[in-house]
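Colleague: Here's a structure for you.
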Amino acid sequence: MAISRLRLLLLFLVRAFASLPAQAAARGGSSGTGENYGSFLRTLLEDIPRVTDDLTHGYMSNSELEIAVHDFGSRCSNISRIYSIGKSVNGFALLVIEISDKPGQKEAEPAFKFIGNVHGDEPVGREVLVKLANWLCDNYLKDPLATLIVENMHLHILPTMNPDGFTLRRRGNANNVDLNRDFPDQFFPINDEINYRQPETRAIMNWIKQEHFTASASLHGGALVANYPWDGSRDQRYPIYGGMQDWNYIHGGCFELTLEISDVKWPKAAELPVIWEHNRMSMLNLAASLVKTGVHGKIFAADTGHPIPGSLIIKGIDSEIRASRMYGDYHRILAPGENYEVMASMEGFRTKSTHILLEEEAVSLDFILDPDRANGQVKMSRNDCGCLCDDDKLFHVQGAHLELYLLVLLIVIALIVTVAGEGFSTAAAEASRRSSLHFLFGFT
């Protein structure tokens with residue numbers, strides 16, 4: 001009897017799982033026919049590279065770039081560190097240069113990141129970013145702008161996000177996936193399918209969780225354009241879904257610009273010095289704007305005086321940024337010459353707001369939040385990845401994961417019921433046997 005019930009249970013579960021592909025297809029997974037829409041829509045059509053050997057002459061190869069990065073780390077070790085955020089499909093290390101007077105240390109300072117070579121056939125960024133790092137090293141304590149950047153912020157430089165695409169001289173990575181269409185997207189849920197997420201994309205996503213970036217910029221080629229959120233919008237003439245820019249802003253609170261800095265995707269190497277000089281001051285001023293403008297401060301708990309990782313919202317701007325866990329510091333880029341209402345909040349505390357007039361210089365604004373004991377709320381804190389946690393909760397389920405957890409819970413309950421039923425039947429049979437023996441023979 002128990003075996004029959006178990007077979008019925010397994011049949012039910014098989015039918016339940018069989019219905020998942022249709023639901024997954026609506027979210028961007030595989031369809032019931034086996035077509036991998038999530039992979040297909042991120043994969044580029046096979047293209048024949050149009051980049052000739054003459055064009056590649058004068059550009060650093062991937063191995064030469066790696067040597068240049070490590071050489072920089074050795075030459076400028078007092079203001080830098082070299083680290084890797086992951087590897088490409090073909091195993092090339094995604095090396096980052098961090099520039100700061102205290103590299104590798106957590107400070108109550110804003111952090112900015114530059115990313116180059118997102119598309120393999122747009123290599124200008126990788127060359128320009130190495131030049132940027134060397135210029136800062138050469139001019140630290142000599143040039144006021146270089147000194148400002150080194151001593152008041154943490155600058156992270158990833159020269160190439162797509163080294164495999166560079167080697168293949170094509171837009172996509174080694175799997176021919178456009179990395180700037182591979183991120184989760186608020187308007188395009190098909191990109192939520194993580195099975196097709198590329199290693200380069202995962203490396204960036206994990207990087208955002210580890211570092212508390214305020215702003216960033218990715219460098220491209222083929223036009224002269226500066227683009228800002230939102231990329232993926234139903235109202236936009238040229239929408240981009242699955243882009244890195246919007247994902248940074250939504251999930252990392254990091255305001256990212258997409259900068260096209262050369263009107264040719266792969267210009268001749270002889271043009272690189274001119275492109276660098278044309279963009280040098282713009283890149284430096286963009287990074288320095290994190291310190292020079294905007295609103296900066298810390299959020300504290302009134303009862304303990306300790307910093308707390310609260311949230312900051314500017315009224316009228318649909319974006320929330322989070323203060324750091326260690327120092328409770330926040331940094332928000334805002335356009336000068338405007339009045340803003342700034343609100344600080346955290347679960348378990350009373351929200352506070354104030355008005356500021358932001359002129360040309362940055363505004364320093366701290367918040368001290370009072371515990372909200374009147375409503376019996378539990379004070380919560382953010383863990384290192386920015387998630388809200390409560391010691392009284394064993395886990396936190398949200399979004400699409402809820403459906404999976406409920407299904408697993410259903411399976412566990414069904415198995416418990418089956419096992420319990422089997423145990424009950426066995427116990428009942430044993431009790432009946434004992435009663436019969438006692439009735440017939442007078443013993444148990």
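Colleague: Can you tell me the Rg and the Dmax, both Å, for the Cα atoms in the stretch 215-355?
Modeller: Cα only, the stretch 215-355: 18.5, 62 Å (Rg, Dmax).
Colleague: Report the gain in length on full extension from Leu224 to Thr354: 0.36 nm times residue separation, minus Cα-Cα distance, nm rounded to one decimal.
Modeller: Between Leu224 and Thr354, full extension yields 42.9 nm more.
Colleague: Return His57, His278 ranked ascending by Cβ neighbour count within 10 Å, so the fewest neighbours appear first.
Modeller: On the way: His57 10, His278 13.
Arranged by neighbour count, lowest to highest, His57, His278 become His57, His278.
Colleague: Label points 7 Å out from Cα along the Cβ direction at Thr304 and Ala108: separation in nm?
Modeller: Between Thr304 and Ala108, the label points sit 1.6 nm apart.
Colleague: Please go through the stretch 125-210 and write out the trypsin sites (Lys or Arg not before Pro) that DSSP classes as loop and that have at most 15 other C-beta atoms within 10 Å. Write out the running numbers ahead of the final one.
Modeller: Values: sites: Arg126, Lys131, Lys142, Arg169, Arg170, Arg171, Arg181, Arg197, Arg202, Lys209; in loops: Lys142, Arg169, Arg170, Arg171, Arg197.
Of the trypsin sites (Lys or Arg not before Pro), the ones in loops of the stretch 125-210 whose Cβ has at most 15 other Cβ atoms within 10 Å are Lys142.
Colleague: Using a Förster radius of 22 Å, what is the FRET efficiency between Leu141 and Tyr327 based on their Cβ-Cβ separation? Nearest 0.05, please.
Modeller: Values: r = 26 Å, r/R0 = 1.18.
The computed FRET efficiency comes out at 0.25.
Colleague: Please arrange Ser311, Ser218 by counting, for each residue, the other beta carbons lying within 10 Å of its beta carbon, fewest first. Don't skip to the answer; put the middle values down first.
Modeller: Values: Ser311 20, Ser218 26.
Lowest to highest Cβ neighbour count: Ser311, Ser218.
Colleague: When the Cα centres of the stretch 87-105 and the stretch 240-277 are compared, how far apart do they sit, in Å?
Modeller: 18
Colleague: Specify whether the C-alpha gyration tensor of the stretch 53-292 places it in the rounded, prolate or oblate class, a ≥ b ≥ c being the square roots of the eigenvalues: rounded for a/c under 1.5, otherwise prolate if a/b is larger than b/c and oblate if not.
Modeller: Details: a/c = 1.45, a/b = 1.21, b/c = 1.20.
Because its axes are fairly even, with a/c under 1.5, the stretch 53-292 counts as rounded.
Colleague: Does the stretch 107-147 classify as rounded, prolate or oblate by the C-alpha gyration tensor (a ≥ b ≥ c root eigenvalues; a/c under 1.5 gives rounded; else a/b over b/c gives prolate, otherwise oblate)? Kindly include the intermediate steps, with their values, before the conclusion.
Modeller: Details: a/c = 4.51, a/b = 1.61, b/c = 2.81.
Oblate, because a/c is 1.5 or more while a/b does not exceed b/c.
Colleague: If each of Glu151 and Asp370 carries a label point 7 Å out from its Cα toward its Cβ, how far apart are those two points in nm?
Modeller: My value for the distance between the label points is 4.1 nm.
Colleague: Loop-only check: which trypsin sites (Lys or Arg not before Pro) in the stretch 68-108 are DSSP coil with at most 15 other Cβ within 10 angstrom? Could you put the intermediate results ahead of the total?
Modeller: Values: sites: Arg75, Arg81, Lys87, Lys106; in loops: Lys106.
Qualifying residues, ordered by number: Lys106.
Colleague: Now for a different question. Of all chymotrypsin sites (Phe, Trp or Tyr not before Pro) in the stretch 172-268, which ones are in loop regions per DSSP and have a Cβ with at most 10 other Cβ atoms within 10 Å?
Modeller: Values: sites: Phe187, Tyr196, Trp207, Phe213, Trp230, Tyr241, Trp247, Tyr249, Phe255; in loops: Phe187, Phe213, Trp230, Tyr241.
Of the chymotrypsin sites (Phe, Trp or Tyr not before Pro), not one in the loops of the stretch 172-268 has a Cβ with at most 10 other Cβ atoms within 10 Å.
Only the coordinates and a few stated rules stand behind these numbers; no lab work does. From a predicted model like this one, the values you see are computed outputs, not experimental measurements. For neighbour counting, all protein chains shown are included, and Cβ atoms are generated from backbone atoms with ideal geometry for every residue, glycine included.
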